[in-house]
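K.L.:
Below are the structure tokens for one structure; questions will follow.
The values are calculated or read from the model by the stated rules, or taken from the named source; none is laboratory data. Note that the coordinates shown come from a computational prediction; the quantities given were computed from them, not determined experimentally. For neighbour counting, all protein chains shown are included, and Cβ atoms are generated from backbone atoms with ideal geometry for every residue, glycine included.
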Amino acid sequence: MLFIDTHHDQWHTAGGEDGPQPHPPVRDKSLLTLEQWHAVRETWPADVAVGVMAPNTLDIESLAADLPRLALVVLHFPKWVDGRAYTQARLLRMRLRYGGQVRATGDVLVDMLPLLQRTGFDAVQMRPDQKIEAAERALGFFAGHYQGDVAQPKPAYARDVDAELAARRQAAADQFAGQGI
């Protein structure tokens, strides 16, 4: 999981004094609102990276034709109890086979990290009062899940869980091999 620091983010929004520019200029790694993207998508150069901020009310499948051109899709959690962005992320990954970055923004809490990862998010911009160290620990809380998810579509009964756990233990042991620990 990539943790986004807003002060050092490579992606930038196209805004002015009065809010988002209706027709933003072409600039690499521009993060556009859905309205801005619709205004410029016909003329946006294919070799210039662009991302879209999708509201959680959007039928994410309406972006299907644009996904090959989008390097980033930002999904927003207006409140931590609003889970529509989880569904949007899962649809992007599983049904639409989107391979670009899917980022969570808004009211994102540490407790949400395991489910964010399971539903297809690979980047997160957490709420300012949340700590990255706690979020990294949260990602390791569960060794596996019974149900399938974006990372492992098969449920536990349909795979060799013992072999998976043995491989995970071996990887952890190999991490410290030769260090005298």
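K.L.:
So THR105 ticks every box in (1) touching a residue at least 24 places away in the same chain (Cβ under 8 Å); (2) more than 22 Å from GLU136 (Cα to Cα) but one. Which box is left unticked?
P.N.:
All conditions pass for THR105, except number (2).
K.L.:
Check ASP174 against each of (1) of a type in the set (Asp, Glu); (2) touching a residue at least 12 places away in the same chain (Cβ under 8 Å); (3) farther than 30 Å from SER30 by Cα and name the one condition it does not meet.
P.N.:
For ASP174, the failing item is (2).
K.L.:
Restricting the search to the stretch 73-109, which residues are surrounded by 20 or more Cβ atoms within 10 Å (Cβ to Cβ) and hydrophobic (A, V, I, L, M, F, W, C)?
P.N.:
Passing the criteria: VAL73, VAL74, LEU75, PHE77, ALA85, ALA89, LEU92, VAL102, ALA104, VAL108.
K.L.:
Here is a further query. What number of residues within the stretch 128-161 are surrounded by 15 or more Cβ atoms within 10 Å (Cβ to Cβ) and in contact with an Asp or Glu (Cβ under 8 Å, 6 or more places away or on another chain)?
P.N.:
Number of matching residues: 1.
K.L.:
Also, quick follow-up: From the list PRO78, PRO45, exactly one residue is farther than 19 Å from ARG127 by Cβ and assigned by TED's automatic domain parsing to the domain that holds ALA123. Which is it?
P.N.:
Unique residue meeting the criteria: PRO45.
K.L.:
For the stretch 29-63, give me each residue that is among the hydroxyl-bearing types (Ser, Thr, Tyr), under 16 Å from GLN88 (Cβ atoms) and not in a loop (DSSP other than H, G, I, E, B).
P.N.:
Of everything in the stretch 29-63, those that are among the hydroxyl-bearing types (Ser, Thr, Tyr), under 16 Å from GLN88 (Cβ atoms) and not in a loop (DSSP other than H, G, I, E, B) turn out to be THR33, SER62.
K.L.:
Part of a loop (DSSP other than H, G, I, E, B) and of a type in the set (Gly, Ala, Ser): is that true of ALA104 in this structure?
P.N.:
no
K.L.:
Looking only at residues in the stretch 1-21 that are assigned to a loop (DSSP other than H, G, I, E, B) and surrounded by 13 or more Cβ atoms within 10 Å (Cβ to Cβ), which one is farthest from the chain's Cα centre (by Cα)?
P.N.:
GLN21
K.L.:
Let me ask something else. Which of the residues spanning the stretch 64-86 are in a helix (DSSP H, G or I) and touching a residue at least 12 places away in the same chain (Cβ under 8 Å)?
P.N.:
Correct list: LEU67, ARG69, ARG84, ALA85, TYR86.
K.L.:
Could you list all residues from the stretch 56-71 that are farther than 10 Å from TYR98 by Cα and of a type in the set (A, V, I, L, M)?
P.N.:
LEU58, ILE60, LEU63, ALA65
K.L.:
Condition check: aromatic (Phe, Trp, Tyr), part of a loop (DSSP other than H, G, I, E, B) and at pLDDT 75 or above. Does PHE142 satisfy that?
P.N.:
no
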